[in-house]
Amino acid sequence: MSAPAATVAALAKGLAAGDFSSVELTRSYLDRIQAAQPGLNAFITVTAEAALAEAAAADAARAAGKAGALTGVPLAHKDIFCTEGVLTTCGSKMLSNFVSPYDATVVSGLRRSGTVMLGKLNMDEFAMGSSNETSYFGPVRNPWNPAMVPGGSSGGSAAAVAARIVPAATATDTGGSIRQPAALCGVTGIKPTYGRVSRYGMIAFASSLDQAGLITVSAEDAALLLGPMSGFDPKDSTSVESPVPDYTRTLGDSLEGMTIGIVKEFFDKGLDAECESRIRDAMRVYEKLGAKFREVSCPNLPLSVPTYYVVAPAECSSNLARFDGVRFGYRCESPKNLTDLYMRSRGEGFGAEVKRRIMTGTYVLSAGYYDAYYLKAQRVRQLISADFARAFGEVDLLLGPTSPTPAFAIGAKCDDPITMYLNDIYTIGANLAGLPGMSLPCGFVGGLPVGLQLIGPHFSEARMLNAAHRYQLETDWHLQVPAAFA
Amino acid sequence: MSLTRADIENIARLARLQLTEAEIPVYVDSLSRIFAFVGELDRAPTAGISPMAHPLPGLAQRLRADAVSETDHRDRYQQNAPKVEAGLYVVPKVIE
């Protein structure tokens, strides 16, 4: 049982064959986590004792003939998901003392499937960031080069999977927070269609954009785990009532005759030339697999970042109004009166970027500015969605880069929010339109991984995973492990 | 677009955020830059386009019956509260 090479698929097979027990497997991952934690800082909380108890229960279930496909497979959750009885911080001082009284639907779904929780992963504070540098618990380091960021906001999830200290991790994506860190860490990430996975118990940032997904080694692993976390949930009013297919069934389907769209605007400017050449290499693999390419244009897509930086902060300022220092979370010392309690608890409990987003959102929603900013942005959002809808009238999937550059240095973009925001220029469109997207490792530039992005029509996860899996059968970029963790 | 110190103080008050003296100029600068950047939206041709209300086409927010679906978890929930007395959340005196 060598952890570095292990995929969820391989581990599930090993457990089923009795090659190792879940307790042995869990213990080996806990050892790897402990060894890597001082360098990577990928975890906020490690739940070693509970993990071993869950693993023992999984082994007992297997012995009783009650094992499912994922029974005993360890994984970890982004610390944005509520986990009953376990610290759930969302990367913030505001929630640094919050022990969730209940499980998120994603967590209970994966628990029911028999997976074992290793702990809670580091992230940008309230998922607001593209580098994991806004976490109250310190930055996560990129396993390929510790001077570099892992991307964000799901930086802990991506770094942990890349370093093979967890076989798979949950993550969330509001503007690219699954796909961008997956790209920067050389792992596979999937953001499903808006409404596919319940948002219940997932601490809200921007509710019309937030969606839970996965960071895994392979598309096959994502297909195995996506089913148990998907489906209708009456507790999420935007959860969609649509049956969940078996994503593993169609993984091997032929790509013969598939038409893949190349979005002209993704290659216009700003894309690193070396990264572009890795994307072109990936296109040749798809050609070999029988796919045809067609150039499509989404003329409003270049407006996706400014649109997002109106819509997302607006929703963030509403959602984060709940943190008032009264019912849960951080409270300031000796408040003079109720207003002082609110203002100092929030001023001291939130970090700099979260405060920036709350204030941006408060401003665009304030009297006299609502029409000019918020309604205008929601109109542009409609145009961007229409561009995608038109493109999907001609093609099955879209292909392009996930991120304009490979990982950048820790500290390099902290001073200029706009430069930081532009990291998500290729990913935000899918969130605005509610579309599913993936990032797949497709090569390296200067020793750092490059991500290939696929975007599909609504509820096309099965087709997208199929296209990703076929690519991964032809390439081994997703199986590369950073030397320090091999 | 350029925001002033007074603008930032007003926004922070509306958002119930106490800023330190050192934070104010940082937000004057970065919010001014953000609003200059989102000003790009002005050139988008949105005449006759309705604002998007739901990320999935044709779907609206689902409603449910206004029925009790939960049992009482007060004691459990209040374990996370900064200050509780006799099952009540305690805040500074509101009425003098």
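The values are calculated or read from the model by the stated rules, or taken from the named source; none is laboratory data. These figures come from a predicted structure and were not determined experimentally. All Cβ positions, glycine included, derive from the backbone under ideal geometry; neighbour counts span all protein chains shown.
Just to be sure I understand, how many residues within the range B:24-53 are within 19 Å of the chain's Cα centre (by Cα) and either at pLDDT below 95 or of a type in the set (D, E, K, R) (or both)?
1
Hey, could you check the range A:344-354 for residues that are buried (at least 22 other Cβ atoms within 10 Å of the Cβ) and facing chain B (nearest Cβ under 9 Å) and say which is farthest from residue A:430 (Cα to Cα)?
Here the answer is A:345.
When the range A:199-217 is examined, which residues are found to be buried (at least 24 other Cβ atoms within 10 Å of the Cβ) and polar (S, T, N, Q)?
Those that are buried (at least 24 other Cβ atoms within 10 Å of the Cβ) and polar (S, T, N, Q): A:211, A:216.
Being in contact (Cβ under 8 Å) with a residue 60 or more places away in the chain, closer than 17 Å to residue A:45 by Cβ and over 14 Å from the mean Cα position of the chain (by Cα) is the requirement here; does residue A:138 meet it? Give the derivation first.
Numbers: in contact (Cβ under 8 Å) with a residue 60 or more places away in the chain: yes; closer than 17 Å to residue A:45 by Cβ: yes; over 14 Å from the mean Cα position of the chain (by Cα): yes.
So residue A:138 fits the description; yes.
I need every pair where a residue in the range B:58-82 that is among the aromatic types (Phe, Trp, Tyr) has its Cβ under 8 Å from the Cβ of a residue that is surrounded by 10 or more Cβ atoms within 10 Å (Cβ to Cβ) and modelled with pLDDT under 95, sequence separation at least 6 or different chains.
none
Given (1) free of Cβ contacts under 8 Å to residues at least 60 places away in the same chain; (2) buried (at least 20 other Cβ atoms within 10 Å of the Cβ), identify the lone condition not met by residue A:47.
(1)
Any idea how many residues of the range A:280-296 are assigned to a helix (DSSP H, G or I) and free of Cβ contacts under 8 Å to residues at least 40 places away in the same chain? Give the steps one after another, and end with the answer.
Here is the first cut: in the range A:280-296, the residues assigned to a helix (DSSP H, G or I) are A:280-288.
Still in the list and also free of Cβ contacts under 8 Å to residues at least 40 places away in the same chain: A:280, A:284, A:287.
Within the range A:280-296, residues that are assigned to a helix (DSSP H, G or I) and free of Cβ contacts under 8 Å to residues at least 40 places away in the same chain number 3.
The conditions are (1) under 30 Å from residue A:346 (Cα atoms); (2) polar (S, T, N, Q); (3) in contact (Cβ under 8 Å) with a residue 40 or more places away in the chain, and residue A:22 fails exactly one of them. Which is it?
(1)
Sort out which residues of the range A:381-433 are buried (at least 19 other Cβ atoms within 10 Å of the Cβ) and in a strand (DSSP E or B), and write them in order of number.
Selection gives A:397, A:398, A:399, A:400, A:401.
Which of (1) assigned to a loop (DSSP other than H, G, I, E, B); (2) of a type in the set (A, V, I, L, M); (3) touching a helix residue (DSSP H, G or I) at 6+ places or on another chain (Cβ under 7 Å) does residue A:310 not meet, given it meets every other one?
In the conditions (1) assigned to a loop (DSSP other than H, G, I, E, B); (2) of a type in the set (A, V, I, L, M); (3) touching a helix residue (DSSP H, G or I) at 6+ places or on another chain (Cβ under 7 Å), residue A:310 misses (1) alone.
Every residue in the range B:36-50 that is within 7 Å of chain A (Cβ to nearest Cβ) and farther than 27 Å from residue B:7 by Cα, please.
Going through the range B:36-50, the residues within 7 Å of chain A (Cβ to nearest Cβ) turn out to be B:37-38, B:40-41, B:44, B:46, B:49-50.
Scanning the range B:36-50 gives B:46, B:49, B:50.
Taking residue A:366, is it facing another protein chain (nearest Cβ under 9 Å) and surrounded by fewer than 17 Cβ atoms within 10 Å (Cβ to Cβ)?
Working: facing another protein chain (nearest Cβ under 9 Å): yes; surrounded by fewer than 17 Cβ atoms within 10 Å (Cβ to Cβ): yes.
Yes, satisfied.
Can you report the number of residues in the range B:54-93 which are touching a helix residue (DSSP H, G or I) at 6+ places or on another chain (Cβ under 6 Å) and within 7 Å of chain A (Cβ to nearest Cβ)?
Within the range B:54-93, residues that are touching a helix residue (DSSP H, G or I) at 6+ places or on another chain (Cβ under 6 Å) and within 7 Å of chain A (Cβ to nearest Cβ) number 2.
Condition test on residue A:248, is it at pLDDT 95 or above, surrounded by fewer than 24 Cβ atoms within 10 Å (Cβ to Cβ) and in contact with a Leu (Cβ under 7 Å, 6 or more places away or on another chain)? Talk me through it step by step, then tell me what you get.
Working: at pLDDT 95 or above: yes; surrounded by fewer than 24 Cβ atoms within 10 Å (Cβ to Cβ): yes; in contact with a Leu (Cβ under 7 Å, 6 or more places away or on another chain): yes.
Taking the combined requirement at face value, the residue satisfies it.
Which condition from (1) without any contact (Cβ under 8 Å) to a residue 60 or more places away in the chain; (2) among the acidic types (Asp, Glu); (3) closer than 30 Å to residue A:379 by Cα is the one that residue A:233 breaks?
(1)
Criterion first (in contact with a Ser or Thr (Cβ under 8 Å, 6 or more places away or on another chain) and polar (S, T, N, Q)) does residue A:122 satisfy it? Steps first, please.
Details: in contact with a Ser or Thr (Cβ under 8 Å, 6 or more places away or on another chain): yes; polar (S, T, N, Q): yes.
It is true that residue A:122 is in contact with a Ser or Thr (Cβ under 8 Å, 6 or more places away or on another chain) and polar (S, T, N, Q).
Out of (1) within 12 Å of chain B (Cβ to nearest Cβ); (2) within 22 Å of residue A:263 (Cβ to Cβ), what's the single condition that is false for residue A:318?
(2)
Please find, among A:238, A:248, the residue that is assigned to a loop (DSSP other than H, G, I, E, B) and within 18 Å of residue A:190 (Cα to Cα).
Working: A:238 fails: within 18 Å of residue A:190 (Cα to Cα).
That would be A:248, the only listed residue that is assigned to a loop (DSSP other than H, G, I, E, B) and within 18 Å of residue A:190 (Cα to Cα).
Scan the range B:25-35 and tell me whether some residue there is in contact with a Ser or Thr (Cβ under 8 Å, 6 or more places away or on another chain), at the interface with chain A (Cβ under 7 Å from one of its Cβ atoms) and either touching a residue at least 12 places away in the same chain (Cβ under 8 Å) or surrounded by 14 or more Cβ atoms within 10 Å (Cβ to Cβ) (or both).
Yes, the range B:25-35 contains at least one residue that is in contact with a Ser or Thr (Cβ under 8 Å, 6 or more places away or on another chain), at the interface with chain A (Cβ under 7 Å from one of its Cβ atoms) and either touching a residue at least 12 places away in the same chain (Cβ under 8 Å) or surrounded by 14 or more Cβ atoms within 10 Å (Cβ to Cβ) (or both).
Go through the range B:23-81 residue by residue and tally those that are of a type outside the set (A, V, I, L, M, F, W, C) and in a loop (DSSP other than H, G, I, E, B). Steps first, please.
Initially, the range B:23-81 is screened for residues of a type outside the set (A, V, I, L, M, F, W, C), giving B:23, B:25, B:27, B:29-30, B:32-33, B:39-40, B:42-43, B:45-46, B:48, B:50-51, B:54-55, B:57-58, B:61-62, B:64, B:66, B:69-80.
In the following step, the residues that additionally are in a loop (DSSP other than H, G, I, E, B) were identified as B:45-46, B:48, B:50-51, B:54-55, B:57-58, B:61-62, B:64, B:66, B:69-73.
Of the residues in the range B:23-81, 18 are of a type outside the set (A, V, I, L, M, F, W, C) and in a loop (DSSP other than H, G, I, E, B).
Scan the range B:4-18 and give yes if some residue there is more than 20 Å from the chain's Cα centre (by Cα), facing chain A (nearest Cβ under 7 Å) and either of a type in the set (A, V, I, L, M) or in a loop (DSSP other than H, G, I, E, B) (or both), otherwise no.
Within the range B:4-18, not a single residue is more than 20 Å from the chain's Cα centre (by Cα), facing chain A (nearest Cβ under 7 Å) and either of a type in the set (A, V, I, L, M) or in a loop (DSSP other than H, G, I, E, B) (or both).
Which of (1) in contact (Cβ under 8 Å) with a residue 40 or more places away in the chain; (2) over 27 Å from residue A:128 (Cα atoms); (3) in the same structural domain as residue A:74 (by TED's automatic domain parsing) does residue A:243 not meet, given it meets every other one?
(1)
Within 12 Å of chain B (Cβ to nearest Cβ) and either touching a Lys or Arg at 6+ places or on another chain (Cβ under 7 Å) or surrounded by fewer than 24 Cβ atoms within 10 Å (Cβ to Cβ) (or both): is that true of residue A:240 in this structure? I'd like the intermediate steps shown before the answer.
On the way: within 12 Å of chain B (Cβ to nearest Cβ): yes; either touching a Lys or Arg at 6+ places or on another chain (Cβ under 7 Å) or surrounded by fewer than 24 Cβ atoms within 10 Å (Cβ to Cβ) (or both): yes.
Criteria met by residue A:240.
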